[in-house]
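Only one structure is covered here, and it is reproduced in the block below.
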Amino acid sequence: MKKILLILICLITVCYEARACDICGCGVGSYYIGILPDFKKRFIGLRYQYKTLRSHLGPGGTTSYLTTYETYQTAELWGGWNIGKRFRVLGFLPVNFNSRENQGATISKSGIGDIAVVGYYQLFDKQQTIGAGQLLVQSLWIGGGIKAPTGKYEPAEHKENEDAPNNFQLGTASTDFTLNAMYDVRLMDVGINANMSYKINTNNKYDYQYGNKFTANVLAYYKIKVANKVIVAPNAGVLYETAGKDKEAKKYTVDISGGHSLLATVGLEATLGTISVGGNFQPVISQQLAEQRMKAGNRAMVHVTWLF
């Protein structure tokens, strides 16, 4: 147990010290996983995510006629496949629906986002009986992934709005990489799940590079057996994201970028035989984005998943 905690602390420290993302959680920058559904072999499902962002803010977050309101909605096909006992592959195919409103005028764009694949290796898996016959289960998965530039990127969008974040895109136009870790510890029906991801962005063909991104979330959950093959799991925790600055031409820092945010997470997961459904609400606790010139709103996510 102590060794596992030490590994997690080291991962957090290394990623945090790197301090390097596009605006946290919105637009092209969200790769939230959360609690995976219980599956033995494979699963495939559909997730819907909703996020908002306000930009062009004045001192202290004041609004003006320049203030822009952005909404990011994603319908995402995702799935997982356990290969043997040690390997796991997750895939994500998002379809993004973006809208921006300013002074009564609304601009929208929609289409396929950047497809991502992540592979995991189970480094640790242990079950033991402690205390008065209580079962303690622990597992640690580590891995890496790749994100393909399948979403449309419009360089003119950034050039025409240099005072706005380069976030109103369907994709980044870059091939990016992730380092990932997933840890779960459960004593009987009470557990803690932790996910960490460090995203390494590369320079795209338009000579723009989004900053690297670190995301970590910790959730406590409790499994309740309601009926035969029906289990519900209320959960709550926190989500933290940190951001550095984007770059142009590999050396010019983009001021309207970077920052960090901390959100709470409250959700519910339910498994009914081979069907899993769930959702969560993520209110903002604190944030400092783009030198306080923008603010992200609360988020929400729902999903339905088939286990097979």
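The values are calculated or read from the model by the stated rules, or taken from the named source; none is laboratory data. If you're wondering where the values come from, they're calculated on a predicted model, not measured in any experiment. Because the Cβ atoms are built from the backbone with ideal geometry, glycine has one as well, and the counts that use them run over all protein chains shown.
A few comments on the model shown:
- Checking each residue in the range 41-63 for being at pLDDT 85 or above and outside any strand (DSSP E or B) picks out only Lys41.
- Test: residue in the range 86-95 that is out of contact with any Pro (no Cβ under 9 Å at 6 or more places or on another chain), closer than 29 Å to Met188 by Cβ and part of a loop (DSSP other than H, G, I, E, B): yes
- Residue count, the range 182-205 (criterion: among the charged types (D, E, K, R), assigned to a strand (DSSP E or B) and more than 11 Å from Leu140 (Cβ to Cβ)): 2
- Restricting attention to the range 182-209, the residues that are farther than 30 Å from Gly131 by Cα and either surrounded by 18 or more Cβ atoms within 10 Å (Cβ to Cβ) or of a type outside the set (Phe, Trp, Tyr) (or both) add up to 13.
- Count of residues meeting criterion [farther than 17 Å from Ala116 by Cβ and acidic (Asp, Glu)] in the range 57-96: 1
- For the range 250-275, filtered to residues that are β-branched (Val, Ile, Thr) and not in a loop (DSSP other than H, G, I, E, B), the residue that is farthest from the chain's Cα centre (by Cα) is Thr253.
- Test set (1) farther than 21 Å from Glu76 by Cα; (2) surrounded by 16 or more Cβ atoms within 10 Å (Cβ to Cβ); (3) not small (Gly, Ala, Ser) - Val137 fails condition number: (2)
- Residue within the range 236-246 that is hydroxyl-bearing (Ser, Thr, Tyr), more than 14 Å from Thr215 (Cα to Cα) and buried (at least 16 other Cβ atoms within 10 Å of the Cβ) present: no
- Every pair of residues 6+ apart whose Cβ atoms lie under 7 Å, when the first sits in the range 183-199 and is over 24 Å from Lys147 (Cβ atoms) while the second is in a loop (DSSP other than H, G, I, E, B): Asp189/Lys223
- Near pairs, Cβ below 8 angstrom, 6+ apart or cross-chain, from the range 245-262 (more than 19 Å from Ala173 (Cβ to Cβ)) to any residue that is aromatic (Phe, Trp, Tyr) and modelled with pLDDT of 90 or more: His260/Tyr240; Ser261/Tyr240; Leu262/Tyr240
- For the range 224-235, the set of residues classified as within 17 Å of Ile192 (Cβ to Cβ) and either exposed (fewer than 15 other Cβ atoms within 10 Å of the Cβ) or within 20 Å of the chain's Cα centre (by Cα) (or both) consists of Ile224, Pro234, Asn235, listed by residue number.
- Cβ-Cβ under 9 Å pairs, at least 6 apart or on other chains, the range 87-105 side on the phi > 0 side of the Ramachandran plot, far side part of a loop (DSSP other than H, G, I, E, B): Gln103/Tyr65; Gln103/Leu66
- Inter-residue pairs, beta-carbon under 9 Å, first on the phi > 0 side of the Ramachandran plot and in the range 54-68, second among the small types (Gly, Ala, Ser) and not in a strand (DSSP E or B), 6+ apart: His56/Ser64; His56/Ala164
- Members of the range 247-286 that are closer than 18 Å to Ala216 by Cα, of a type in the set (S, T, N, Q) and surrounded by fewer than 21 Cβ atoms within 10 Å (Cβ to Cβ): Ser286
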